[in-house]
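The block underneath contains the structure these notes are about, expressed in structure tokens.
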Amino acid sequence: MTQTLQAVRGMNDILPDEAELWERFEETIRDWLAAYGYRNIRTPLLEHSALFRRAIGEATDIVEKEMYSFVDELNGENLSLRPEATASIVRAVVEHSLLYNGPQRLWYMGPMYRHERPQKGRYRQFHQVGAEALGYAGPDVDGELLLMCSRLWDDLGLEGIQLHINSLGSLPERIAHRKALVTYLESHAADLDEDSRRRLRTNPLRVLDSKNPEMQAIIGGAPKLLDFLGADSARHFDGVQAILKDAAVPYTIDTRLVRGLDYYNLTVFEWITDRLGAQGTVCGGGRYDGLIEQIGGKPAPAAGFAMGVERLIALMRAGGEGSEGGGALLDVYLVNQGESAGRSAFRVAELLRDRGFAVVQHCGDASFKSQLKRADASGAAVAVIIGDDEAAAGEVSIKPLREERAQSRVAVDRIADAVSDLLYGEESA
């Protein structure tokens, strides 16, 4: 017996009932981003591996352990499925000189890939929505990005999402902090766990992000990067906080917040919830002023964020969105039986769609009784019925499915107006 094939572990199907919730989410996202003047950009799923090594950092977990990389046998190129999108966006901006005519507000949405242990809210193929503001240097854009997120939570009806912020300062400030941090951690080397000892050699700032309970006392006593900020970095961070305070957006300064990518500087942030178990971050981002030059473009400031779609969908579902399941939003289910009726049904269905109605036309053999049961289960408001008698007379029957009203019969060329009257009242005709 042939073994049944299943989806790759950690790469999930999104079935129709769930996809309807995704579609509502995506519609909200597009309207929200348009309200802030962001324009859509779409980049390939596959990039040269060197792009991510250069942008994200050789010593990050993503590059060291999580990328799906391979050598293209046809031309010997080392390629990777994108583990995140910011590097790809910046590559596209540099390659196509998008900053030539001034700053850009861009957004993206799509799948990313990381080879990590699948768990609730964390998958090997996962989806992100992100916004990138390129060419803007001041704290005003950092603040705008944060206010955007706050508005989205309201638009989606989500509660309990908390904002954590920090500043990573400039490169010289991070170097000074790193030196002090390494000295401190080396003095506690005997008490570090294996992962922290490895990071001490490669990326010591990431030790501060350890979730190991046995490491928390050591981390709590570590030098804080905020204490190493110069006047300009401190002024930038104060500017971001002023915007949040003026907008009455609550936040927590988290001195241990470092993010997992090497390209960040100055402002970093995460939006966190306690309603998804251990996987609590639903959105993260910050400023990455050096990345454009690092990838080969002229120096330019930039900031952005990415949010996990699966996690936000889970929060929407936990709040009641999509819990009733089932069925597209239909106006009409078209019931038909007989050869002439079947031909007429196509014309009637297209007349209704011309007027903007969502129509499912029954296909295949089934009795009128069976088709009406399917019409009722479909969620449609109206059943339009065509038999050979109606087809011969150039008419259809209309049966309301969600209210107690009598079935009626109208001419085919009046069908759209008749359905409109039933759904919206006679004044809509």
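Every number here is computed from the coordinates shown, using simple stated rules; none is lab data. Being a predicted model, the structure only gives us computed values, none of them experimental. Glycine gets a Cβ as well: all are built from the backbone with ideal geometry, and neighbour counts include every protein chain shown.
Worth pointing out:
- Among the trypsin sites (Lys or Arg not before Pro) in the stretch 40-136, those located in a DSSP loop and surrounded by at most 14 other Cβ atoms within 10 Å of their own Cβ are R42, K120.
- K298/R39 FRET efficiency (R0 25 Å; Cβ-Cβ; nearest 0.05): 0.75
- Based on Cα contacts under 8 Å between residues 6+ apart, the stretch 206-277 shows a relative contact order of 43 percent.
- Y68 paired with I14, simple spin-label distance in nm, labels 7 Å along Cα-to-beta-carbon: 1.6 nm
- For the stretch 284-374: rounded, prolate or oblate by the Cα gyration tensor [a/c cutoff 1.5]: prolate
- Between V332, P16, L200, the Cα set farthest toward the positive side of the dipole of the chain (charges on each charged residue's Cβ, about the Cα centre) is that of L200.
- Per DSSP, loop GluC sites (Glu not before Pro) in the stretch 142-179 with at most 14 further Cβ within 10 Å: E159
- Measuring r between the beta carbons of A248 and N75 and using R0 = 60 Å, the FRET efficiency lands at 0.60.
- Rounded to two decimals, the Cα-based Rg/Rh of the stretch 332-428, with Kirkwood Rh, is 0.92.
- Euclidean distance of C-alpha centroids, the stretch 231-295 and the stretch 1-54, integer Å: 24 Å
- Positive-end residue, the stretch 332-428 charge dipole about Cα centroid, Cβ charges, pick of Q371, A381, L422: Q371
- Size of charge dipole - the chain - debye, nearest 20, with Cβ of Lys, Arg +1 and Asp, Glu -1, no other charges: 1180 debye
- Annotation: amide H-H contacts under 5 Å for E77 (H modelled 1.01 Å from N, sequence separation of 5 or more, or interchain): D72.
- In order along the stretch 103-115, the phi-based Karplus estimate (6.51 cos²θ - 1.76 cosθ + 1.60, θ = phi - 60°) of 3J(HN,Hα) comes to x, 10, 10, 10, 9, 9, 8, x, x, 10, 9, 9, 8 Hz; Gly and Pro are listed as x.
- Applying the Karplus relation 6.51 cos²θ - 1.76 cosθ + 1.60 with θ = phi - 60° to the stretch 133-144 yields 3J(HN,Hα) values of 9, 10, x, 10, 9, x, x, 4, 6, 4, x, 4 Hz, where x marks Gly and Pro.
- Rounded to the nearest 20 debye, dipole of the stretch 332-428 from Cβ charges on Lys, Arg, Asp, Glu: 320 debye
- Length-normalised contact order for the stretch 42-103 - Cα pairs under 8 Å, 6+ apart - percent: 37 percent
- Modelled spin labels at D232 and A318, positioned 7 Å past Cα toward Cβ, are 4.1 nm from each other.
- Full extension of the segment from A180 to Q162, taken as 0.36 nm per residue of separation minus the current Cα-Cα distance, would add 3.5 nm.
- Among the GluC sites (Glu not before Pro) in the stretch 328-429, those located in a DSSP loop and surrounded by at most 13 other Cβ atoms within 10 Å of their own Cβ are E403, E404.
- Relative to the 2.2 N^0.38 Å rule of thumb, the chain has a C-alpha radius of gyration ratio of 1.27.
- Rounded Å value of the spacing that divides the Cα centres of the stretch 141-173 and the stretch 350-386: 46 Å
- Evaluated with a Cβ-only charge set (Lys, Arg +1; Asp, Glu -1), the stretch 130-212 carries a dipole of roughly 600 debye about its Cα centre, given to the nearest 20.
- As a calculated quantity, the FRET efficiency between Q3 and S187 at R0 = 51 Å, using C-beta atoms, amounts to about 0.35.
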